[in-house]
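The structure appears right after this line, and notes come after that.
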Amino acid sequence: MAIASLNDTNLAFDDGLDSIVIRDNFESIRGGRTLDVTGFTPTVIRKGHVIIKSTATGEYKPMPVTGVTAISALGTANSGSGYVNAGTYAAVALTGGTGTGATADITVYAGKVTSVVIKAKGTGYVVGDILSAAAANIGTVGTGFNVPVSGVQTAAAYASLPASHTYEGVLLASILTAKPFAGIMVRGSINPVAAPYDFSTIAAAFKTAMPLITQYAD
């Protein structure tokens, strides 16, 4: 059974997202739970963090996190030619490279790509990856556009749900990992954009497991 000491000196911390990650709290686990934080390395478990439970031991735990590489910068684009419909195309999927999930706002003018602004940074990319986009998504026809990845950064993200564990709710208030006594919401609504880590990787599975917690992005 997990045990938490609440006798340490109080520490204050602030996260601008704490006030918006939980939109509505209609029901929580009465009395809260002490979390098993074995192997959880962040010093703070943020409000809105997903809480899971071991089916073998019944212990509640913070959803594990892992480090992933995401795009931090793009190099100079090869603008290509023959793109016939000028305009800015939002959140275009970028293809190629070693990673997945990157998107960008791409502007086409005078038959060429003139601007590439990264939107979703994706995961798994490395410096030197060459990315492109389907011509159909940036002006119907055209060839030659590509852009290199010039920088990546390692960020924490939710790991996969461990085997023999279930989703149980979300944390009601930020707590220190050293003091893992947690209030856990089981019915209400959250803003996934304000979640402590990228929620998109687990959103569908969490929705299926926790249908009473709805997701509304502001």
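Read-outs: derived from the displayed coordinates by stated rules, not from any lab. This structure is a prediction, so every number in the text was calculated from the model and none was measured. In this analysis, Cβ positions are derived from the backbone assuming ideal geometry, glycine residues included, and neighbour counts consider all displayed protein chains.
Using θ = phi - 60° and the Karplus curve 6.51 cos²θ - 1.76 cosθ + 1.60, what whole-Hz ³J(HN,Hα) does each residue of region 140-153 get, with Gly and Pro shown as x?
Taking θ as phi minus 60°, the curve returns 6, 10, x, 9, x, 6, 7, 8, x, 7, 9, x, 9, 9 Hz for region 140-153.
With mean projected area of the Cα convex hull in nm² in mind, check [x] 10.6; [y] 12.6; [z] 13.8 and report the label derived from this structure.
Working out mean projected area of the Cα convex hull in nm² from the coordinates points to [z].
When the chain is fully extended, how far beyond the present Cα-Cα distance does V141 get from A204, taking 0.36 nm per residue of separation? Please list the in-between numbers first.
Values: separation 63, 0.36 × 63 = 22.68 nm, distance 3.40 nm.
Gain on stretching V141 to A204: 19.3 nm.
Test of understanding: what is the full-extension gain from T57 to S72, defined as 0.36 nm times their sequence separation minus their Cα-Cα distance?
Computed gain between T57 and S72 is 1.4 nm.
Quick one, what does Rg over Rh come out to for region 68-156 if you take C-alpha atoms and the Kirkwood Rh? Numbers along the way, then the final one.
Working: Rg = 12.3 Å, Rh = 12.7 Å.
My calculation puts Rg/Rh at 0.97.
In bins 5 Å wide, starting from 0, what share of all Cα pairs of region 153-218 does each bin hold, as a percent?
Distribution as computed: 3, 14, 24, 27, 21, 9, 2 percent.
Restricting attention to region 114-218, which chymotrypsin sites (Phe, Trp or Tyr not before Pro) occupy a DSSP loop and are surrounded by at most 15 other Cβ atoms within 10 Å?
Details: sites: Y125, F145, Y158, Y167, F181, Y197, F199, F206, Y216; in loops: Y125, Y197, F199, Y216.
Within region 114-218, the qualifying chymotrypsin sites (Phe, Trp or Tyr not before Pro) (loop, at most 15 other Cβ atoms within 10 Å) are Y216.
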